[in-house]
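Q: What follows is a structure written as structure tokens; I'll ask about it next.
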Amino acid sequence: MTTSKVPFVDLGPQTQAVRNEVVQRWSKIMDGNSFILGAEVKEFEERFAKYCGARYALGVANGTDALILALRSLNVGPGDEVIAPTNTFVATLEAIAHVGATPVLVDISPGTYNINVNQLEKFVTPMTKAIIPVHLYGCPADMAPILEVAERHGIAVIEDAAQAHGATYQGRKAGSMGSIGCFSFYPAKNLGAFGDGGAIVTDREDVVLQVRMLRDHGSPSKYEHDVVGYNSRLDTIQAAVLNAKLGRLDECNKMRQRNAQIYDDMLAEVPGVVTPKVPEGTSHVFHLYVIRLLSEDREQIRQRLQERGVQTGIHYPMPVHLTKAFRHLGYREGSFPVAEEVAHQILSLPMYPELQPAQIYYVVQQLKECLGT
Ligand SMILES: Cc1ncc(COP(=O)(O)O)c(C=O)c1O
């Protein structure tokens, strides 16, 4: 086995950068023995809402719960349909299924790998209650036509911004454009905790009241329970980590963008490699740097890269409509040709803010050799 020369992700530098501040914040929490909600969660909610350009943010236990609580707060449930792209992390679909609604899937656009907005409207039915666009890999979905279709049909838009903290679309932050934006703070995300965490952002007071109750056992005040809720609060110790990291998010996103530019420049002339597209008017925050290999055996290339010390990933090997968990929806091979083709070709190269230009040169050099170009 080779030791990895270029890891897929290295959280070490970020952890070290905030270590002292996190320890100070944690000491305060321990001094006060205040471990549930409290000052750190409140501070984070206020700062994160402001960062996203939304009136409110509420911390929850993880990104999946953010989606579930968002759907519940809008009364989405059995008998309702929710539209989502088939190329996403399975959690988007899990949330729809857990509230008892039916996921209605849409193929992706071959340029951005996000929901194909040209096909969207034909999936709208009288049962459609919400659309969940996913800003996949850190690239904002094409929100203008999505919001337009939603408004025309009276449908809510819930943004899955779990991979897009700080990304912008026509000057607006991911998560702030629909009725509700949902975030994950899983450690490797652009804004990551030291464990699980999540948040919703919204301008709607009714949503805030609902989510505040739902995350805390359906409770408007202690031992009153108005609805069947969840235990899904953002952990206070995770909020402290997020408070320490939030101020560095824009700088870290810039470092990711610089790294993406180096990859783009070096891969521009490599035949058979398609680099990520950044649509006009958007700022892509490169949670992942995903290329497509048009004519190569992706698994073989991946294996060879691994042998040369380059770790890669695949996001995702199977569109959700083909997973065992969602086969009951009745889709089959051929249902979404673009997503199915792309799933065989995509390859995520190492990407994190502190990745060094020399490491990127090494990755590209090795990739070129493996491709024989
Ligand atoms: C697109 C997307 N949606 C939802 C989630 C769920 O977030 P979490 O893992 O925090 O539950 C993730 C993250 O893993 C994700 O990438």
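The values are calculated or read from the model by the stated rules, or taken from the named source; none is laboratory data. All of these numbers come straight from a predicted model, not from anything done at the bench. Every residue, glycine as well, gets a Cβ built from its backbone with ideal geometry; the counts of neighbours run over all protein chains shown. All accessible areas refer to the heavy atoms of the entire protein, side chains included, with ligands and DNA or RNA removed. Shrake-Rupley method; radii C 1.70, N 1.55, O 1.52, S 1.80 Å.
Q: Output the residues belonging to the stretch 10-32 that are acidic (Asp, Glu) and either touching a residue at least 24 places away in the same chain (Cβ under 8 Å) or under 14 Å from Pro187 (Cβ atoms) (or both).
A: Passing the criteria: Asp10, Glu21.
Q: Okay, next question. Among the numbered criteria (1) farther than 24 Å from Phe89 by Cα; (2) open to solvent by 40 Å² or more (accessible area, probe 1.4 Å); (3) out of contact with any strand residue (DSSP E or B) (no Cβ under 7 Å at 6 or more places or on another chain), which one does Val278 miss?
A: (1)
Q: For the stretch 182-205, which positions are within 11 Å of the ligand (Cβ to nearest atom), open to solvent by less than 10 Å² (accessible area, probe 1.4 Å) and assigned to a strand (DSSP E or B)?
A: Cys182, Phe183, Gly198, Ala199
Q: I'm trying to understand the selection: among the residues of the stretch 22-64, which are surrounded by 15 or more Cβ atoms within 10 Å (Cβ to Cβ) and β-branched (Val, Ile, Thr)?
A: Across the stretch 22-64, the qualifying residues are Val22, Ile29, Val41, Val60, Thr64.
Q: Would you be able to say whether some residue in the stretch 255-266 is on the phi > 0 side of the Ramachandran plot and either part of a loop (DSSP other than H, G, I, E, B) or open to solvent by 30 Å² or more (accessible area, probe 1.4 Å) (or both)? Give the steps one after another, and end with the answer.
A: In the first step, residues of the stretch 255-266 are kept if they are on the phi > 0 side of the Ramachandran plot; the result is none.
Within the stretch 255-266 (the criterion being on the phi > 0 side of the Ramachandran plot and either part of a loop (DSSP other than H, G, I, E, B) or open to solvent by 30 Å² or more (accessible area, probe 1.4 Å) (or both)), the answer is no, since none of the residues qualifies.
Q: Need pairs with beta-carbon distance below 8 Å; first residue farther than 12 Å from Ser283 by Cα and within the stretch 244-258, second charged (D, E, K, R); sequence gap 6+ or separate chains.
A: Ala244/Glu21; Ala244/Arg25; Leu246/Arg47; Met255/Glu354
Q: Run down Ala244, Ala325 and say which single residue is more than 30 Å from Ala39 (Cα to Cα), assigned to a helix (DSSP H, G or I) and open to solvent by less than 80 Å² (accessible area, probe 1.4 Å).
A: Ala325
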